[in-house]
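*Asks:* Sharing a structure with you now.
Read-outs throughout are calculated quantities, based only on the coordinates presented, and are distinct from any laboratory measurement. A quick note: this is a predicted structure, and the numbers were derived from the prediction, not measured. Cβ: placed from backbone, ideal geometry, glycine included. Neighbour counts: every protein chain shown.
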Amino acid sequence: MADTSYPQDTPVSLSMSSGLSEGYAASQGSSLSTGDLRRRYDFGERFSELAVDQTPFFRLVSKLGRKPTDDPSFKFSEKRQSWMKRYAYVVGCINSGTTDVFNDATVTAHGGDASIAVGDTLKLYMAADYKSAGNIQNVSGQSNGAIAIGAAGTAPEFLLPNQVLQVNLSATAGGGTAVSDYILLRISSVGAEATKNSMKVKLVTGEVIRAASGEFTSYASNAPVSQAYDKVIHSQLEAMRCYVVGNSYEEGSSLLGKTWKDNPYSTGYGQTQIFRSEFGMTNTARATALKYEPNEFARVWRDKLIEHKWDIEQAGLFSAQVTQSSVPHTQGAVDYILQQGNIFGWSSSKTADDFLDDMSKYVDPRYNNSKANVYFCDTEVYNWLHKLGGYFAQNIGIGAASNGFRADLAVSGRKKVMGLDMTTISSVYGDMNVTRCVALDRSPVRILGVNLGHVKYRPLVGNGVNRDTSIYVGVQSLENSGIDKRVDMILTEAGFEWQMPEAHAIWK
């Protein structure tokens, strides 16, 4: 019998075994060669087979994130809370009359006073770096689709009268991110839309709680910051941002004031892809008992099921969402994250310190505080992580396990999850669940950080029809032969739904 892994137009039949010489032609009428009949060749009753590792990505997502859809083009909503995003940058001021200043980081009161005191008035231009519709923010390493500070749709609409702002100051001439002091400003009124730089004017009255002077940290060499996507949040952007730190009202003030309408929702879409594996076999071939595995049909059918699952795994990793000539393709993890998610660099010389710097950006609670991450690694990185963990465990262990020294990266346990080998590596940013994905060995991706809470496997199911790995069986007669053949088809129509780009990451 023959494997059906190669394209062919005819079903598997016994005639495919002809011509396989094993030494010399048989002397009988049959053309099927059987070898030297006086030798046993020590054929055993068992055979070995290459054991391919289970497909880790598809296995986890299909088991933990299955969510059937009843439309091949499905839509979904994402929700991003806004309470941590009430920040803006100072990008300009009015220091004398109605003169706008965008090239001077010096803090001055309205009227041009060089020093400011409690009760002085400051008039500032404020701008943000995220879309207020959906609270969509910049993603680390993403220059594509980067949101510039002051871009359309980023006006800090959350600023309201009677709110108190914390504005950081720098002692460096021209501004800088080294915070030397801060001032508190109570907003007295909010300006209208301004056309300059597509920014919204925020008219702010300064209530300085403590005497301070200096330069705005949101400026560098007297130029306001304009891009944020390529900067580190904790060490650069936080120093530049002005946060709402509460509000303050006078006694007996009106209960009815201005309110802010939050819009935390945004929408996305995905689509299903049709996966189909087919093969045929004549009934004569099906009825013939063979050595090792008597039922050739059952063998090929089992292999085709594994092949079918492997195809879905590859699409789930590397496919791109597009429709060409009416043929739909679903979204794969690598394509989605490269376009939307966090991107970090990798090299064979990467140190544990460098990796922890990346982790601090990826799991920053101001940015992505979910803990449902699985790290799919290629072989190089998988070994790298275990070498680090093994080194710490064998060489830097001090004292008992309950109160001893712990390294920044240390293997703390291994377990089976859905049949997969999963290693837990403890880090200062929580436990990392790491598994090996050999499919990444042939790609530029070294680590695929996937938040399983924000990815779904979506098979098409509706109106009593289930397209999630359904099976089609048909029997037909071959023309001019009178031989029946059985045609079998494994069919899956499903897609992957990806949400919250900041919840996923790639190291490449």
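*Asks:* Output wanted: per-residue J couplings in Hz (rounded whole) for segment 186-191, from phi through Karplus 6.51 cos²θ - 1.76 cosθ + 1.60, θ = phi - 60°, x for Gly and Pro.
*Replies:* 9, 6, 9, 7, 10, x
*Asks:* Which links in Lys309/Lys485; Lys63/Lys456; Lys291/Lys485; Lys67/Lys304; Lys361/Lys508; Lys67/Lys371 stretch past 18 Å when you go from one Cα to the other? Write down the numbers at each step before the final one.
*Replies:* Details: Lys309/Lys485 25 Å; Lys63/Lys456 10 Å; Lys291/Lys485 22 Å; Lys67/Lys304 25 Å; Lys361/Lys508 16 Å; Lys67/Lys371 21 Å.
Check vs 18 Å cut-off fails for Lys309/Lys485; Lys291/Lys485; Lys67/Lys304; Lys67/Lys371.
*Asks:* Okay, moving on. Give me the one-decimal nm value for the distance between modelled label points at Ser221 and Tyr265, 7 Å along each residue's Cα-to-Cβ direction.
*Replies:* Distance between label points: 4.6 nm.
*Asks:* Let me ask you something else. Just to confirm my numbers, what's the Cα centroid distance between segment 434-454 and segment 282-344 in Å?
*Replies:* One Cα centre to the other: 18 Å.
*Asks:* What does the net charge come to around Asn433 if you take all other residues with beta carbon closer than 10 Å to its beta carbon, with K and R at +1 and D and E at -1? Mind showing how you got there, number by number?
*Replies:* Values: positive: Lys371, Lys415; negative: Asp431.
Around Asn433, the surrounding residues sum to +1.
*Asks:* Which far-off residues, 5 or more places away or on another chain, put their amide H under 5 Å from the one on Arg66, with H placed in the peptide plane?
*Replies:* Result for Arg66 returns Tyr457.
*Asks:* Next question. Just to check I understand the Karplus step: with θ = phi - 60° and J = 6.51 cos²θ - 1.76 cosθ + 1.60, what whole-Hz values come out for segment 439-453, glycine and proline as x?
*Replies:* 3J(HN,Hα) across segment 439-453, in whole Hz: 5, 6, 4, 9, 10, x, 7, 9, 9, 10, x, 10, 8, 5, x.
*Asks:* Amide H to amide H, which residues 5 or more places from Phe74 or on other chains are under 5 Å from it, using H placed in the peptide plane?
*Replies:* Close amide H contacts, sequence-distant or interchain: Gly270, Gln271, Thr272.
*Asks:* Continuing with this model, one more query. Once you have the alpha carbon radius of gyration of segment 243-304, what is it after dividing by 2.2 N^0.38 Å, with N set to its residue count?
*Replies:* With N residues counted in segment 243-304, Rg over 2.2 N^0.38 Å equals 3.29.
*Asks:* Below 13 angstrom from the Cβ of Asp70, what's the summed charge of the other residues (Lys, Arg +1; Asp, Glu -1)? Spell out each step's value before the answer.
*Replies:* Working: positive: Lys67, Lys75, Arg458, Arg467; negative: Asp71, Asp468, Glu493.
Combined, the nearby Lys, Arg, Asp and Glu give +1.
*Asks:* What residues have an amide H closer than 5 Å to that of Ile136, excluding those fewer than 5 places away on the same chain, when H is modeled at 1.01 Å from N in the peptide plane?
*Replies:* Here the answer is Lys131, since their amide H atoms fall under 5 Å of that of Ile136.
*Asks:* Expected output is a single nm value to one decimal: the length gained when fully extending between Ser235 and Leu305, i.e. 0.36 nm times separation in residues minus the C-alpha distance. What is it? Walk me through the numbers before you get to the answer.
*Replies:* Values: separation 70, 0.36 × 70 = 25.20 nm, distance 5.06 nm.
Once the chain is fully extended between Ser235 and Leu305, it gains 20.1 nm.
*Asks:* Within the set of other residues whose C-beta is less than 11 Å from the C-beta of Ile337, count the net charge using Lys and Arg as +1 and Asp and Glu as -1.
*Replies:* -1
*Asks:* While we're looking at this one, here's another question. Using the Karplus curve 6.51 cos²θ - 1.76 cosθ + 1.60 with θ = phi - 60°, what ³J(HN,Hα) values do you get for each residue of segment 79-92, in whole Hz, with x for Gly and Pro?
*Replies:* 10, 10, 5, 10, 5, 8, 10, 8, 9, 8, 10, 7, 10, x
*Asks:* Across 5 Å bins from the origin, how do the percents of Cα pairs in segment 295-334 run, short distances first?
*Replies:* 7, 21, 17, 17, 14, 10, 9, 4, 0
*Asks:* Length gain on complete extension for the stretch Ser325 to Phe102, per 0.36 nm per residue less the alpha carbon to alpha carbon distance?
*Replies:* Working: separation 223, 0.36 × 223 = 80.28 nm, distance 5.12 nm.
Value of the extension gain: 75.2 nm.
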